[in-house]
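Here is the structure we will look at.
What follows is calculated from the coordinates using simple rules that are stated; it is not laboratory data. Remember, it's a predicted structure, so these values are computed and weren't measured experimentally. For neighbour counting, all protein chains shown are included, and Cβ atoms are generated from backbone atoms with ideal geometry for every residue, glycine included.
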C-alpha cells in the first residue's frame with residue numbers, strides 16, 4: 001500500500017488544499033494530512049482546531065486521515081510509512097519555496113516530494129489571504145468549507 005503525506009499548517013484549510021488532497025488520494029492508496037505544529041508561525045487557529053477542521057473537511061474522502069506533525073516532517077513520514085510528500089503548487093513562487101524543503105526531506109529520509117499543480121480556480125487562494133480578507137470583513141465562503149468560515153470569523157472576534 002502506498003502512503004503519501006500532505007503537510008501544511010492549514011491555518012485555515014482552504015478549498016485549494018482540499019483540491020490537492022483529493023488529487024493526492026487518486027495517486028496514492030492512503031493520504032495522511034499532516035497538520036504542522038510550527039512554533040515559528042503566527043497562527044490564528046490553534047493546532048487542535050486546525051486538526052478538527054481538516055478532519056471534518058476530508059471526512060468524505062475514503063483513504064484520507066489527519067494527524068498532527070509534532071516535529072520534523074521527515075520523521076513523521078518515516079513514522080507513518082510514507083513513500084512521498086505531496087505539495088500543491090499555485091505558481092513558480094510556490095515551487096521556489098518548496099524546492100529546498102523537498103531536497104532536505106529526500107536527504108533526511110529518502111522520501112520523494114510530488115508536486116501537484118493546483119486547479120486554476122484556486123490559484124489566488126492562500127490561507128494568509130483568506131485570513132486577511134476575513135479580517136477586513138470580506139467574503140470567504142467561496143474559499144473555505146462552511147465550518148472553517150465560522151471558525152475563522154469566531155477567532156477574529158476573540
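Those residues that are within 26 Å of residue 153 (Cβ to Cβ) and either crowded, with 20+ Cβ neighbours inside 10 Å or in contact with a helix residue (DSSP H, G or I) (Cβ under 8 Å, 6 or more places away or on another chain) (or both), I need them from the range 11-33; list them, please.
If we filter the range 11-33 for residues that are within 26 Å of residue 153 (Cβ to Cβ), which is where we start, we get 11-22, 33.
Those that are within 26 Å of residue 153 (Cβ to Cβ) and either crowded, with 20+ Cβ neighbours inside 10 Å or in contact with a helix residue (DSSP H, G or I) (Cβ under 8 Å, 6 or more places away or on another chain) (or both): 11, 12, 13, 14, 15, 16, 17, 18, 19, 20, 21, 33.
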Q: Go through (1) crowded, with 23+ Cβ neighbours inside 10 Å; (2) touching a strand residue (DSSP E or B) at 6+ places or on another chain (Cβ under 6 Å) and name the single condition residue 65 misses.
A: (1)
Q. For the range 42-158, which fully contained helices (runs of 4 or more DSSP H) count at least 2 residues that are closer than 27 Å to residue 1 by Cα, in contact (Cβ under 8 Å) with a residue 40 or more places away in the chain and in contact with a helix residue (DSSP H, G or I) (Cβ under 7 Å, 6 or more places away or on another chain)?
A. 47-58, 73-80
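Among the residues of the range 1-19, what is the count of those that are part of a loop (DSSP other than H, G, I, E, B) and in contact (Cβ under 8 Å) with a residue 40 or more places away in the chain?
Narrowing the range 1-19 to residues part of a loop (DSSP other than H, G, I, E, B): 1-2, 9-14.
Filter again for in contact (Cβ under 8 Å) with a residue 40 or more places away in the chain, leaving 2, 9-14.
Residues that pass the stated criteria total 7.
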